[in-house]
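Each reported figure results from applying straightforward, stated rules to the coordinates on display, with no laboratory input. On a predicted model such as this, the values are computed, not experimentally measured, just so you know. Glycine gets a Cβ as well: all are built from the backbone with ideal geometry, and neighbour counts include every protein chain shown.
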Amino acid sequence: MQELFRRFIGRIADQYATVLLVLGAVATVTYMVLITDIRSQEGNARLVKMSTEQGQLVEDINLLLIEKIYLTDANEIRRIDAKIISNLTQIDQNHASLIAGDRYIREGDRLVHVPGTLSQDLRLIYFDNPKPLDPQMRTYLTTVRDLYRRSATHLTPDDPELKTLLYTLSPRLLEEIGKASSIYQRQSEMMIGITASKQHMMFAISLASLIMVGTLLLQPLVLKLKDSAVKMRQEKAFADNVINTTQALIIGLDANAQVVLFNHYAEENSGWSEEEIKGHDFFEQFIPAHDQTELRKLFADMMSGEVQYADSIETLMRISTGDLLNIIWNPTIITDSHGTPLMFLATGLDITERKEAELQVKQANAELAQLSDRLQGEVNLAATLQRSILPQPIIALPGLAGVANLLTSSEVGGDYYDYYKVGGHHSILFIGDVSGHGVAAGTMVGAAKAGVYPLIHEGFTNPGEILNSLNINMQATAQQSLLMTMACLSLDARSGRLVFANAGHVLPYLLRKDAQHWEMIEASGLPLGKSLDSDYLQSAVEMTLNVGDKLFLYTDGLVEEESPSGEPFGYDRLEFLLNANYDVEDPEELRNILMDALRVHCRGTAYTDDITIVVISHTDRVSQSAQTNTDVSDIIRISEGFYRQGEHPIPRISKEYVVFLAEQGYSDLLTRFSQDGICRILPKNDDFCQRLGWEHLLNQHHESADDDLYALMPGQPQYRQFHLTHTEDKAFITEEIFSWLNDQGNLPKDHIEALMVILDEMTENSLYAAPRDGKGVAYYSKGESRELSAHEEVRIDIALADGLLGLMITDNWGTLTPGVFLRNIAHAMENGVEAGVGGVGLYMMWRLSDYLQIRVHPQKRTQVTTLWDVNNPIDMAVDSGIQFIYHTEYEAAYPVGA
């Protein structure tokens with residue numbers, strides 16, 4: 001080799017001109033190398049691009065976060081999240097490189113970064129100016145990561161952190177990024193100019209150097225070639241090491257989809273070695289047939305050059321054991337210098353364990369959903385039970401009339417109102433509020449209700465005694481874990497004497513008849529359940545109400561509800577509204593005014609606390625003669641002649657004690673009856689009523705142990721009884737009843753048809769019209785097919801005895817009221833019968849029967865009974881007897897103490 005070198009040197013020396021030519025060529029090559037150095041300035045361009053891209057990525061992330069707010073599809077949300085995290089990673093990497101002062105130089109086909117230092121201008125931008133870019137960028141990245149971690153349901157346009165990001169952090173950050181980009185741009189331009197000058201200088205130096213040391217350049221050139229070869233081998237070894245140590249499957253395919261690259265990780269996970277796999281068709285070897293279509297199409301499109309970039313694809317991958325792995329493939333293309341695809345590189349991540357974890361999470365979520373449904377069902381049942389223990393919102397007590405309104409912020413509430421009467425002249429009303437709301441508060445309401453029952457039946461009328469008794473119950477129930485405020489008042493409707501006791505409740509308001517301002521009624525006391533030492537008798541206050549005076553009671557949820565800006569409704573606003581509407585006579589109208597004002601204040605009806613309002617008026621004084629007794633002497637009889645003489649006030653007692661004795665047709669009085677609340681009308685000269693027993697009918701407000709049908713038809717009648725368990729049972733039971741009636745052989749056709757018409761109407765009412773919540777909203781749509789719940793009863797009884805035919809239907813809803821009944825039949829009487837118009841069914845029940853009786857226990861039970869004398873034809877022109885017995889919430893079948 002040395003001999004060859006010497007010969008080569010000698011030849012060069014012998015041919016000096018040739019050497020100069022070679023040196024000139026070397027100089028030219030040097031010049032070209034310097035020109036290549038200019039291309040290395042692509043690194044500066046890369047810095048400019050990176051800096052500029054930072055601003056674009058910030059704007060992209062902001063747009064993605066905004067888009068995420070309005071997405072509901074889970075797949076779209078995951079796609080947005082993936083883009084956000086990708087952009088975050090790129091920003092973070094670029095920023096770290098920029099602040100480190102890294103430089104980028106081209107090595108082969110790629111740019112690599114090498115350590116460097118920041119210029120003074122850039123250091124000022126990133127670290128030293130009053131608003132350094134680096135802390136701003138880190139704050140921005142931290143804020144975005146925090147928002148990214150939130151679910152789409154918890155991310156709203158009004159989110160304070162999002163607003164800060166969009167309107168404060170981003171504009172400042174983009175401004176500083178723009179300044180940095182401008183500096184990089186200026187530096188790049190300056191470096192290009194310097195490089196160009198350097199090129200020319202180096203060209204001249206190279207020529208001079210080549211001329212001076214021409215013969216000495218050969219050896220350095222050889223050494224350089226050797227160094228380049230070593231470096232290439234090192235780079236190849238590094239690339240192979242990266243491929244084989246990456247914790248991902250890297251599989252390269254040629255144009256025929258045959259495996260040409262198979263890294264160590266792929267070998268470990270598949271169980272096949274590279275030698276076994278090379279040359280095999282990738283799809284047939286690894287991908288199940290049902291997962292091949294999409295991946296094959298992507299392979300064809302990318303290898304043909306139609307598609308350059310693609311999103312990840314998830315498929316199953318078959319391994320040597322026959323098992324299947326879940327793999328996410330990230331495909332890319334390796335091209336030659338002309339951009340022609342050479343290799344399809346599939347990088348796969350094994351997500352099998354993640355899929356299994358997702359399946360477990362899905363199963364856990366399904367179990368949680370079942371548990372949630374069960375708990376929700378129990379909560380709904382608790383809400384139904386709670387509604388059932390509350391009395392009717394329309395208050396009609398001796399000397400008092402008004403309306404109550406209760407809204408719960410959740411299914412089960414902690415507010416409570418109640419009322420009852422004692423002896424026909426004492427009216428007791430109270431309103432309470434448990435601390436908190438929800439199931440626990442609802443339990444306390446149930447405990448309060450349980451404590452009230454014995455007080456009713458023992459005839460307690462003193463509010464102090466009532467609160468003392470309830471305080472003991474609350475203390476034993478909650479052990480001071482929950483407290484209940486309560487205001488209780490008692491009115492003696494004979495004298496107007498009002499007694500008020502308070503257990504920590506917000507104070508009620510009183511409006512005297514001729515006054516224009518409401519005033520508070522003040523009485524103090526600790527909440528129920530706080531202390532057994534509380535004595536509410538001592539703190540009770542007394543006053544006398546005049547007819548026309550009004551009372552307003554409420555719970556603190558009314559004044560504490562806040563507007564969207566956080567302003568509470570407040571006592572001042574409440575008192576302003578009360579005083580501004582002092583002349584409103586109708587309690588319901590005043591209630592509506594207050595609730596409308598609350599809705600406007602809160603911008604909706606989704607309240608954070610339970611809200612209860614009670615508006616009542618002292619309507620009249622009750623005379624001693626209106627007090628109830630246990631026999632027929634407690635009935636107030638109103639004769640037709642007296643009633644038709646003009647307007648007469650009806651005593652303010654329970655209307656089941658008032659009976660109108662009709663001497664002739666009374667249908668023209670139905671409208672007046674509905675206004676006066678007269679709901680028991682008996683034709684005085686009616687033979688059928690005489691047959692049923694005059695005293696017996698007058699005593700119907702006293703319940704017997706038997707159902708009404710059997711109490712009105714004594715003896716041992718033939719009867720059939722049916723219980724509905726499903727709405728579809730109606731057709732079958734109707735047919736059974738029709739067949740049974742026809743089998744009797746002696747029933748007139750008109751009576752059978754009348755009974756079937758009433759049966760259809762009454763059954764429809766029990767299945768669809770009667771089931772309503774405490775606010776009067778129907779639970780079911782008419783005609784809806786459903787199975788009756790375990791606690792729901794719809795029972796049909798048919799009886800026949802001694803020329804009497806009876807039909808009775810019983811349900812446990814108790815939602816029909818005398819007012820609705822009388823208004824509907826009066827409307828039908830005045831406007832005629834029209835199919836589909838409300839009230840027609842009730843009207844036909846009255847007209848088609850010889851006697852109609854309806855007994856209602858509010859929110860508990862409705863029993864409708866119709867009777868016929870089968871020996872007389874049906875005459876729809878006759879005004880038959882009607883008795884609507886409406887037992888108020890606490891009206892017992894036995895008397896209570898005065």
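Within a Cβ distance under 11 Å of L507, other residues only, what is the Lys/Arg minus Asp/Glu net charge?
With Lys, Arg at +1 and Asp, Glu at -1, the net is -3.
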The answer for A662, listing residues at least 5 apart or on another chain whose modeled amide H is closer than 5 Å to its amide H, is L682, K684
Taking H placed 1.01 Å from N in the peptide plane, check which residues at least 5 places from Y851 or on another chain put their amide H under 5 Å from its amide H. L867
Could you tell me which of the pairs K513/K860; K421/K730; K449/K730; K49/K131 are separated by over 29 angstrom between their Cα atoms in the structure shown? K513/K860; K421/K730; K449/K730
Going highest first, how would you order 731-740, 876-885, 553-562 by mean Cβ packing within 10 Å? 553-562, 876-885, 731-740
Ordered by residue, what ³J(HN,Hα) values in Hz, to whole numbers, does the range 755-769 give under the Karplus form 6.51 cos²θ - 1.76 cosθ + 1.60, where θ = phi - 60° and Gly and Pro are x? 4, 5, 4, 5, 4, 4, 5, 5, 5, 4, 5, 5, 7, 10, 7
What ³J(HN,Hα) values, in whole Hz, does the Karplus curve 6.51 cos²θ - 1.76 cosθ + 1.60 give for the range 876-885 when θ = phi - 60°, with x put for Gly and Pro? 6, 8, 8, 7, 6, x, 10, 9, 9, 9
Quick one: which residues, 5+ away or cross-chain, put their amide H under 5 Å from the amide H of D556? H built at 1.01 Å from N. V506
Residue by residue, what Karplus-based ³J(HN,Hα) values in Hz, rounded to whole numbers, does the range 796-810 have, using 6.51, -1.76 and 1.60 with θ = phi - 60° and x for Gly and Pro? 10, 10, 10, 9, 9, 6, 6, x, 9, 10, x, 10, 9, 10, 10
FRET efficiency for I593 and E736 from the Cβ-Cβ distance with R0 = 30 Å, rounded to 0.05, comes out at 0.05
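Stretched out fully, how many nm does the piece from R512 to E695 gain, at 0.36 nm a residue minus the Cα gap?
61.5 nm
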Local net charge near A662, Cβ-Cβ under 9 Å (Lys/Arg +1, Asp/Glu -1): -3
Specify whether the C-alpha gyration tensor of the range 390-624 places it in the rounded, prolate or oblate class, a ≥ b ≥ c being the square roots of the eigenvalues: rounded for a/c under 1.5, otherwise prolate if a/b is larger than b/c and oblate if not. oblate
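What net charge is computed for the residues neighbouring L816, neighbours being all others with C-beta under 11 Å from the C-beta of L816, Lys and Arg scored +1, Asp and Glu -1?
+2
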Point-charge dipole on Cβ atoms (K/R +1, D/E -1) for the range 498-631, about Cα centre, debye to 20: 60
